[in-house]
Amino acid sequence: MQINYILLGQRIRAFRTKKGITQMELAERIDRSAAYMSYVETAYKFCSLDTLVLSLIHISEPTRLQLIS
């Protein structure tokens, strides 16, 4: 299975903007640069699995119970 990084970046951006989080805020939360987040969202650079997971966790802000359930 091949990952569609363009679609992945678009979805990260959509979720982030829906929650009212800027690229800078998300980048700070996951210890990345805003430029890097821009690259990921435009598929200029591919993100690692840990960056993807951290991004999704910080965008959705799940409770601890939701993370382990």
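Things to note:
- Going through (1) open to solvent by less than 90 Å² (accessible area, probe 1.4 Å); (2) over 11 Å from the mean Cα position of the chain (by Cα); (3) at negative phi; (4) not β-branched (Val, Ile, Thr) one by one, Gly20 falls short only on (3).
- Meets criteria (small (Gly, Ala, Ser) and surrounded by 13 or more Cβ atoms within 10 Å (Cβ to Cβ)) for Ala14: no
The values are calculated or read from the model by the stated rules, or taken from the named source; none is laboratory data. Quick caveat: nothing in here was measured; it's all calculated off a predicted structure. Neighbour counts are summed over all protein chains in view; Cβ atoms, including those assigned to glycine, are modelled from backbone coordinates with ideal geometry. With ligands, DNA and RNA removed, areas are computed over all heavy atoms of the protein, side chains included. Shrake-Rupley method; radii C 1.70, N 1.55, O 1.52, S 1.80 Å.
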